[in-house]
Amino acid sequence: MKITAAVLAGVGARFEVDEVELAPPREGEVLVEIAATGLCGSDLNALDGKRSLAPFPVVLGHEAAGTVVEAGPGAGRLRPGDRVVLSILPSCGHCQACKKGMPNYCATAGAAMADGNLMDGSSRLSRRGERINHFLTVSSFAQYAVVPESGAVAIPPELPLDRAALISCAVLTGYGAVRNTARVPPGSRVAVFGCGGVGLNIVQGARIAGAARIIAVDVSRAKLELARRLGATDLVHAGERDPVAAIRELDGGVDYAFEALGREQTIRQAWDSLDLGGEAVVVGLMRHGATVTLDAGPLVDEKRIRGCYLGSSVLSRDVPALAGLYLAGELMLDELISHRIGLADLDEAFGRLRAGDGARSVVMFDH
Ligand SMILES: [Zn+2]
Ligand SMILES: [Zn+2]
């Protein structure tokens, strides 16, 4: 079928909104009409060449929700008409990682993503006979997407699809980092470095977990104010004062410090702001080949540092739970969307994301 999509030819190029060909779903795949898709840091990293996640030309976009139009052969769980959240966590079920119960590290999915393919090692996207690559098996900067059924989760019909799209990546990652990765207990002192899409969801994850103190750190006054609405108890403007000193002044340090930027400086600040036995969780994605140097002294205070991949999420468990939290009024999603845009606005919207300006921009499709 012919669809409209935003094609990116290479690092730093402008998006070309163009007609592309999308082949029908194959074994274990579903065709989804995209309703909304957010702009995430991973898309920006691919655009800027900070982390190469797929070859070019590519259709980016992965934080998405929509409606199933057609189920391919062997896709038995989802039916046409199902509203779904799409995800970059498909799994094959038979590789070593899947058999070990770690489907988020599925080797089949990893190989497919590295080559811009779907799970069977081929692409469904082309333009005038030229192959176009998939992005993280989603490619949602397009009216329709063919995706692995294992990467799509049905949601209740009353959940608006633009807010559902955010669950797919920013919310799963931020909320999951608190609830699944660190398992922050009630009463904890928490600091969050970076209040973009993921950081704001770390803040609200900490609020829902019952943290006693939630210190938001950013260089944007607007983002700090948004963090306050989502549950931050204290705000630290890192452009105006040393965040480590500010955090230490408040309570002598924190039990959990989350880093949501993927930068060495903020990882070091997160580490330095821990109190005895505290844990730093690096949620931000770092440039390939990056290293971090930490002060080794606090190791004797039994401090820990750990990584986190997409909030240690279990799709089938966490997506419905987050949908339920939103519908119950506990999870705030409306506040996270600052701009609703079209495909033609992508260049400008990524400029805003790069500048750290505003919360989430979400591409909306009228079908
Ligand atoms: Zn993302
Ligand atoms: Zn697998």
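Only the coordinates and a few stated rules stand behind these numbers; no lab work does. Please read these numbers as outputs of a predicted model, since none were measured by experiment. Cβ coordinates were reconstructed from backbone atoms using ideal geometry, including for glycine residues, and neighbour counts include every protein chain displayed.
Listed values, structure above:
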| quantity | calculated |
| --- | --- |
| Net charge of Cβ neighbours under 13 Å - reference Leu353; Lys, Arg +1; Asp, Glu -1 | -2 |
| D_trans [Stokes-Einstein, Kirkwood Rh over alpha-carbon pairs] for the stretch 173-309, 37 °C, 0.692 mPa s, µm² s⁻¹ | 231 |
| Estimated dipole of the chain in Debye, rounded to 20 [Cβ of Lys and Arg +1, of Asp and Glu -1, Cα centre] | 480 |
| Kirkwood hydrodynamic radius over Cα pairs of the chain, then Stokes diffusion coefficient at 25 °C and 0.890 mPa s, in µm²/s | 119 |
| Pairs of alpha carbons in the stretch 31-184 whose separation is greater than 18 Å (percent) | 58 |
| Magnitude of the charge dipole, the stretch 270-354, Cβ model with Lys/Arg +1 and Asp/Glu -1, debye to 20 | 320 |
| Farthest toward positive dipole pole in the stretch 173-309 [+1 Lys/Arg, -1 Asp/Glu at C-beta], among Ala296, Leu235, Gly176 | Gly176 |
| Order by protection proxy (mean Cβ within 10 Å, highest first), peptides 346-357, 220-231, 171-182, 186-197 | 171-182, 186-197, 220-231, 346-357 |
| Ranked list, fewest to most other Cβ atoms within 10 Å of each Cβ, for Asp115, Asp255, Asp295 | Asp295, Asp115, Asp255 |
| Whole-number percent relative contact order across the stretch 173-309, with pairs defined as alpha carbons under 8 Å at least 6 apart | 22 |
| Cβ-based charge dipole, the chain, positive-most Cα from Ser150, Ser361, Ala9 | Ser150 |
| Kirkwood-type radius of the stretch 231-367, with distances r between different C-alpha atoms, in Å | 17.8 |
| Likely footprinting exposure, Val300, Val292, fewest C-beta neighbours within 10 Å first | Val300, Val292 |
| Förster-model FRET efficiency, 25 Å R0, Arg228 and Arg248, C-beta, rounded to 0.05 | 0.75 |
| Relative contact order for the chain, counting Cα pairs under 8 Å that sit 6 or more residues apart, in percent | 17 |
| Per-residue Cβ neighbour rank within 10 angstrom, fewest leading, Cys169, Cys95, Cys308 | Cys95, Cys308, Cys169 |
